[in-house]
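I have placed the structure first, in the form of C-alpha cells, so that the comments after it can refer back to it.
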Amino acid sequence: MGKPTVPSASRLAIESGQCIVGDVSFSGTVQVDGRIEGNLSANRVVVSPGAVVDGAVKGRSVYVDGTVNGAIDCGAISLASTASIKGDITYETMTIASGASIVGLCCDRNRMDEAKPAQETRTELPLLPFNKIKKAKTAIRPSPVEEARPAPRATPQAPMTMRAVWDAIQESDETALS
C-alpha cells in the first residue's frame, strides 16, 4: 500500500449548484461556477457568470464575470460586463468592460507609494454650516443695472434637476468662501 496520489491537474472547479463554506487556497487555477462563502486564494481565479464569492480574493490573475463580495488583491484583474464587486481592489493592471459594477476603492499598487505623500500634505477646507452659506448668498447685492429692470412675472417653477441642484450648491460654496 502506497500513499494516495493527488492528480497533477492544477485546476480546481467549483461547479454550479455547489457551495463551499470556508477558506479555499489552491496553487493553480480555481474556476468558480457555484458559490464560495469564505476567502479564496489561488494563482489564477475565474469567477463565472452567476457565480458568487462571499469573501476576499487573492491571486496573481483574477477574472470576474460574476459577483465578489469582498476585497480583491491581485496582479492583473479583468472585469467582464456582468461583473459585480463590493469591496476594495488592489491591482497592478486592470481591465474593465462597460457595464461592470464596483462599489469600493480601486488602488493601483504601482502608484500607492506616489499617493501617500499627497494624502499627508492634503489640507481639508473647513465645511460651512448650511445656514452660513445661505446668509452669505443673500448678502450679495444686485448691480444698479439689475435694480433698474422690472421684476419678472411670477411663473410656476419647474422641478430642479440634479444638475441644477449641484450648480446651486457649487455657486453657494464659492460665494461663502469669498
Subset of segment 56-105 (residues that are exposed (fewer than 15 other Cβ atoms within 10 Å of the Cβ) and within 11 Å of the chain's Cα centre (by Cα)): LYS86, SER101, VAL103, GLY104, LEU105
Identify, by number, the condition in (1) in a strand (DSSP E or B); (2) closer than 23 Å to THR29 by Cα that CYS107 doesn't meet. (2)
Taking the residues in segment 65-103 that are part of a loop (DSSP other than H, G, I, E, B) and charged (D, E, K, R) as candidates, determine which candidate is farthest from SER16 (Cα to Cα). GLU92
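Values in this text are rule-based calculations from the coordinates and carry no lab data. Quick caveat, the model's predicted, so the values are computed rather than measured. Positions of Cβ are backbone-derived with ideal geometry, glycine not excepted, and every protein chain shown enters the neighbour counts.
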